[in-house]
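Heads up, the thing below is written out as structure tokens.
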Amino acid sequence: MFIEKIQKNSIIKHMAKTIEEINEKIKKGCVVVLSAEEIIGYTAEHGVKKTAAAVDVVTTATFGPMCSTGAFINFGHSDPPIKMQKVWLNDVSAYAGIAAVDAYIGATELSETEDMKYGGAYVIQDLIDGKAVKLRAISYGTDCYPRKEIETYISLENLNQAFLFNPRNAYQNYAAATNSSSRIIYTYMGKLMPNFGNVTYSSAGQLSPLLNDPYLRTIGVGTRIFLGGAQGYVAWQGTQNNPGRERLANGTPVGPAGTLALIGDLKKMDSRYLRAATFHGYGITMYVGVGIGIPVIDEEMVEFLRVSDKDIYTEIYDYSVARRSKPSYGKVSYQQLRSGTVNIKGKKILTGSLSSYSIAREIAQLLKQWILEGSFTLTSPVTFLPSEEKINPLNVKSREEI
């Protein structure tokens, strides 16, 4: 595999086209940008060599439910001041064990008064939409922070800082889901009908960022991205990052693999691209728009970038089985999934996507526009992300077994 042939820290030195050269073209207004959809046909017509020479950037994107999402908020100090021990925003608990007036609101945290109808993702969207949010906090009181409780209303505009920090976004592929049992089940993969009544999936496929740079040759810590309608950055590898899993010859993994931790300014975001959602019977999640401009550094990158839905496969798992290792009903391409039906045991099964391909396409085009206008330039990674890491399961053990 490519990653075994070349050390990532030497990639930049051996580029046929450097990121600095591409940024100069962006500044001069002569950069050539295609979306990940557009480069498929362009390469088929012109070939890999001419495409590598002619095209500078390919924009990729995804827009789907990403539960591992949240925001850090600084409220500012009241008079007298309070060391917030417990915090609620619109009756949704936020984690306050950070500093006196800092908190982290997680997207999936549920309201304590509205059951599964409202949660952290809705608080974040309400803030973006300019709505007033009720802040309630309690404290044990100290000499320097004597106040023991506070109740007030906040808005995004009057917060000192509010930034999105998402520990796990932009999954590099994901499994598809079905249900072999005799009852409806409600999951993070949506509503699954009994007796293989449907198959759900969640990926932008050929548009998805980490499927277009499968070995993360150009994506790492410090990479500038589109996040929730604003510019953000890759902060670190994402939790459950699992790049060492099975891959096809084109580099794409079959099922969940790499993930990214992302950061960006919540004050500049747009709820069209950062949107709360409720999955009936499961809970709250947040739809996150992520876009990455991938520099066309050489011909090998074009080989990765021209990947299409027919070349990307995932596995169908049975979500009615309540254990870590779920039964598989085979591999299918995203072309098959997007056709509307797949075959399981000789039977045609309806398919449905949880992610929005149309909004992913919109993000890729918007990012393309930013680059062409010169308002978005590319960044070289400060450091590359792990390439061979594998995740470990949580096993129940006694203290003596550790």
Whether any residue in segment 108-119 is surrounded by 20 or more Cβ atoms within 10 Å (Cβ to Cβ) and in a loop (DSSP other than H, G, I, E, B) is what I want to check. yes
Segment 52-97, residues that are within 30 Å of residue 361 (Cβ to Cβ) and in a strand (DSSP E or B): 57, 58, 59, 60, 61, 62, 63, 64, 65, 70, 71
Could you tell me how many of the residues in segment 248-274 are part of a loop (DSSP other than H, G, I, E, B) and either free of Cβ contacts under 8 Å to residues at least 40 places away in the same chain or hydrophobic (A, V, I, L, M, F, W, C) (or both)? 5
Do we find that residue 368 is of a type outside the set (Val, Ile, Thr) and touching a Ser or Thr at 6+ places or on another chain (Cβ under 7 Å) in this structure? yes
Helices (runs of 4 or more DSSP H) fully within segment 292-402 counting 3 or more residues that are of a type outside the set (S, T, N, Q) and over 24 Å from residue 262 (Cα atoms): 299-305, 334-338
Given (1) surrounded by 18 or more Cβ atoms within 10 Å (Cβ to Cβ); (2) under 24 Å from the mean Cα position of the chain (by Cα); (3) aromatic (Phe, Trp, Tyr); (4) outside any loop (DSSP other than H, G, I, E, B), number of the condition residue 104 does not satisfy: (1)
Selection over segment 68-85 where residues are under 30 Å from the mean Cα position of the chain (by Cα) and not hydroxyl-bearing (Ser, Thr, Tyr) yields a count of 7
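Throughout, read-outs are computed from the coordinates displayed, never taken from laboratory work. Because the structure is predicted, anything quoted here is derived from the model rather than measured. Every residue, glycine among them, receives a Cβ derived from its backbone with ideal geometry; neighbour counts consider all protein chains shown.
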